[in-house]
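Q: Just dropping this structure here.
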Amino acid sequence: MVATDLDQNVAHDHVDLRYEHSWLHRHCTSTVIHHKRARGSGRLFSGLMAMNVVFLGAAFMSSVVLSSMPAQNSNIYLSVLMLCSSIWILFYLLRTRKKQFSAVLLDHHAGALYLRASLALFGICSLLLAVFKIGYDVSLMTCKLPMDIAFSVIEIIFITIQTFFLWFSSQDCVQVQHNITRHGIMLALSTNLLLWLMAVINDSVHREIESLQLNITSDEISDCLCLKNSMCWTFQRGYVTLYPFNLEYSLICASMLYIMWLNVGRKDVSSSAFPHPRFRLQGVLYGPVLGGAALVVGFCVFILYQIQASSGEVSRVSSFLFFVYNVIVLPIMIMACIVGIMAQTFTEKQSVEQSEQHSEHDENKNDTDRATKLENQSRCRHRHVERSKDYDQGEVDMGGHRDEKGDYEWTDLKEIMEHKGDQEERCDKCEIQTESGKYNDNIPVEELEKEDRMDHMQPNHHYRTTSRKISVEKNGHGIASCPTPKNYTRSLEIILLLAAALGQFCISYYSIIAIVATSQWNVLNSLNLSFSVLMIFQHVFQNIFIIEGMRKEHHGHSQPIIQEESKEEEPRRMSFVEIRRVSLAYLQGVGKLTISRRLVKESALFLVLCNIMLWIMSAFGDHPQYTNGLEQDYYGSSAWFSILNFGLPLSVFYRMHSVGGLLEVYLTT
């Protein structure tokens with residue numbers, strides 16, 4: 001029986017975990033099978049509801065861009081979704097979660113601290129965005145409808161309630177009101193996906209409006225356009241700058257809600273929390289130094305580029321510095337990923353060798369203990385036979401101890417038998433204590449006998465005990481392996497990492513085709529080609545590094561299989577010398593990292609800082625892909641604009657999601 005299963009059994013004995021029921025499977029006789037089928041049906045119905053809600057909202061938003069449909073229709077639709085989601089969240093917090101045994105089981109892999117901290121940070125930025133949006137709408141009241149202001153107010157309410165809900169309830173495995181909870185979670189998830197899509201469309205529309213405003217003369221300026229350095233322009237720049245935070249907030253909420261949806265009615269989780277590793281910089285040096293240098297230099301290049309981009313023209317020097325910085329940093333990141341992957345293989349090899357050495361040491365130790373025990377048993381039996389002969393001879397020579405009727409005095413015989421039993425018991429003690437390694441030449445016998453008497457005085461002391469025997473099933477490499485509960489969070493992180501990389505792949509491959517097809521070989525086009533190729537390789541190797549690190553951390557937490565068996569021997573006690581030796585070995589090993597583990601940590605921390613810089617470059621300001629002109633001339637303005645609108649939001653999410661994955665690899669190595 002697995003240790004986690006023991007914890008679950010204990011939890012299940014004291015907690016009323018209710019099974020799901022469904023009218024579709026009412027003829028099923030088995031409760032467990034009925035529970036599984038009802039869970040599948042609930043997921044199917046709620047998933048279909050979410051799919052229809054998302055497609056209807058996407059149709060509204062795309063109709064605003066592709067046709068003359070007013071934007072108020074999509075705002076009304078999203079406002080209704082946000083109000084319904086807020087009402088369900090309040091119902092869950094005030095009613096569902098207050099029920100007895102509603103969320104007694106928690107998924108401790110979900111809702112990590114760094115994820116909730118980023119959720120709170122991006123949520124605050126999203127609130128600021130809504131505030132700036134209200135200020136912008138108020139300043140242009142003649143061109144705006146009251147529905148725009150109401151939409152921003154409803155968004156503030158929704159973000160506040162949802163952030164509070166996910167902070168405290170993201171780990172819940174709900175055991176009551178299964179179908180209502182599933183549909184409510186899917187409603188909130190659909191709302192976040194549509195808010196993300198609306199933010200992407202608004203950001204794209206704003207870029208197109210800015211490009212049109214550059215060609216408008218002062219005579220053509222209308223009352224619905226903001227003048228530079230005005231209050232309206234300040235509010236507009238404020239909420240446009242905060243769009244990347246709103247994008248990240250919506251996607252993080254959607255991923256956390258998806259894990260909650262999978263955990264509804266789940267029972268194969270452990271009721272006890274495991275300790276999360278703490279972030280420490282002990283033992284690493286080169287990764288933070290190189291990453292900090294890349295962050296500072298990249299920030300300077302980014303500021304220089306954005307200053308010129310805001311003035312309307314980007315010089316060739318700024319574009320040259322932008323591409324040169326990326327062409328220098330990306331190969332170093334690729335090398336760091338390769339070094340980290342190789343170090344992970346050596347770390348796994350070392351763990352396998354250590355486990356094999358420990359298993360061999362335990363087997364040799366068990367053989368030595370068995371031999372010592374057999375030798376002590378034979379020695380004690382020999383002493384017992386000799387003492388029995390002496391006692392029998394003493395009983396024959398007891399003629400002087402008869403009473404007047406010729407019988408033995410029962411008092412003397414009783415004393416002899418008690419003395420004989422005491423000697424046998426002491427012989428048994430000698431055997432057990434010698435086996436445990438407690439008797440040695442350095443400890444006085446009087447102290448040991450005194451300790452034995454104290455052991456006998458304990459109420460629960462007995463020789464033949466029933467103890468928990470730990471038996472570990474080993475695989476071909478000698479590592480303990482046992483079935484563990486599914487980690488939905490880890491699977492979702494890997495899927496999101498691979499899906500988000502598609503955005504940069506799309507942009508890079510289209511750029512490569514355009515550059516090679518046009519054959520306009522100059523310095524900037526050559527740097528752009530190198531930048532696109534290096535981006536592809538960097539994404540590939542970084543995905544391998546992060547995914548392998550996550551999988552090794554997942555398989556490294558196998559629990560030993562614990563069985564209840566009764567054995568006819570005493571549990572072994574460690575001597576003072578062994579305790580001291582183990583303590584010294586532990587103190588010497590604390591704080592020391594092997595070369596392979598240090599390389600993994602150095603690479604992960606360097607990649608964290610580089611991905612933060614690349615996220616800043618992707619999320620804020622203009623991009624060289626908009627101002628380069630080569631791809632735009634080759635594919636056309638609308639087609640290339642659509643490619644960038646698809647790829648850049650995913651690229652922004654990939655960088656931030658990679659930071660979370662790399663931090664997890666750093667902490668668990």
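The values are calculated or read from the model by the stated rules, or taken from the named source; none is laboratory data. Just so you know, these numbers come straight off a predicted model, no measurement behind them. Using ideal geometry, Cβ is built from the backbone for each residue, glycine included, and neighbour counts are taken over all protein chains shown. The area values use the complete protein model at the heavy-atom level, side chains included, leaving out ligands, DNA and RNA. Shrake-Rupley method; radii C 1.70, N 1.55, O 1.52, S 1.80 Å.
Q: Could you give each residue of segment 624-638 its phi-based ³J(HN,Hα) in whole Hz, using Karplus coefficients 6.51, -1.76, 1.60 with θ = phi - 60°, and x for Gly or Pro?
A: x, 5, 7, 9, 5, x, 5, 5, 5, 6, 7, 9, x, 5, 5
Q: Please state the shape class of segment 48-154: rounded when a/c is under 1.5, otherwise prolate if a/b exceeds b/c and oblate if not, all from the C-alpha gyration tensor.
A: Note, shape of segment 48-154 comes out prolate.
Q: Taking 0.36 nm per intervening residue step and subtracting the Cα-Cα distance, what contour gain separates residue 168 from residue 595 on full extension?
A: Stretched fully, the residue 168-residue 595 segment lengthens by 149.8 nm.
Q: Now, a different point. Run the quick spin-label model on residue 522 and residue 551: label points 7 Å from Cα toward the beta carbon, then report their separation in nm to one decimal.
A: Label at residue 522, label at residue 551, 4.6 nm between them.
Q: Calculate one ³J(HN,Hα) per residue across segment 41-49 by plugging θ = phi - 60° into the Karplus curve 6.51 cos²θ - 1.76 cosθ + 1.60, and present them in order as whole Hz with x for glycine and proline.
A: Taking θ as phi minus 60°, the curve returns 5, x, 5, 5, 5, 5, x, 5, 4 Hz for segment 41-49.
Q: Please get the size of the charge dipole for segment 113-191, origin at its Cα centre, with Cβ charges of +1 on Lys and Arg and -1 on Asp and Glu, quoted in debye to the nearest 20.
A: Magnitude of the dipole: close to 80 debye.
Q: Pull out a ≥ b ≥ c, the square roots of the eigenvalues of the alpha-carbon gyration tensor of segment 22-103, then state rounded if a/c is under 1.5, prolate if not and a/b is larger than b/c, and oblate in the remaining case.
A: Here segment 22-103 falls in the oblate category.
Q: Under 5 Å between amide hydrogens, which residues at least 5 positions from residue 105 or on another chain qualify, with H placed 1.01 Å from N in the peptide plane?
A: Long-range HN contacts for residue 105: 173.
Q: Length gain on complete extension for the stretch residue 59 to residue 76, per 0.36 nm per residue less the alpha carbon to alpha carbon distance?
A: 4.7 nm
Q: Which order, highest average first, do 127-138, 283-294 follow once you tally other Cβ atoms within 10 Å for each residue and take the mean per peptide?
A: Packing order, densest peptide first, comes out as 127-138, 283-294.
Q: A further question on this structure: Would you kindly state how much longer the chain becomes between residue 316 and residue 282 on full extension, computed as 0.36 nm times their sequence separation minus their alpha carbon distance, in nm to one decimal?
A: Stretched fully, the residue 316-residue 282 segment lengthens by 7.9 nm.
Q: Can you work out the Karplus-derived ³J(HN,Hα) for every residue in segment 283-298? Use 6.51 cos²θ - 1.76 cosθ + 1.60 with θ = phi - 60°, whole Hz, and x for glycine or proline.
A: x, 10, 9, 5, x, x, 5, 5, x, x, 5, 5, 5, 5, 5, x
Q: How much accessible area per residue does segment 74-149 have, counting only protein heavy atoms and a probe of 1.4 Å, in square angstrom?
A: 47 Å²
Q: A further question on this structure: Using the structure shown, select from 133/228; 144/228; 98/486; 267/486; 486/601 the pairs with a Cα to Cα distance greater than 21 angstrom.
A: Distance filter (> 21 Å) returns 98/486; 486/601.
Q: Within the accessible area of segment 91-188, what % is carbon and sulfur when the probe is 1.4 Å and the other protein chains stay in place?
A: Summing carbon and sulfur atoms, their accessible area is 73 percent of the total for segment 91-188.
Q: Let me ask something else. What spacing in nm lies between the two simple spin-label points modelled at residue 120 and residue 327, each 7 Å away from Cα in the Cβ direction?
A: Here the modelled spin labels are 4.4 nm apart.
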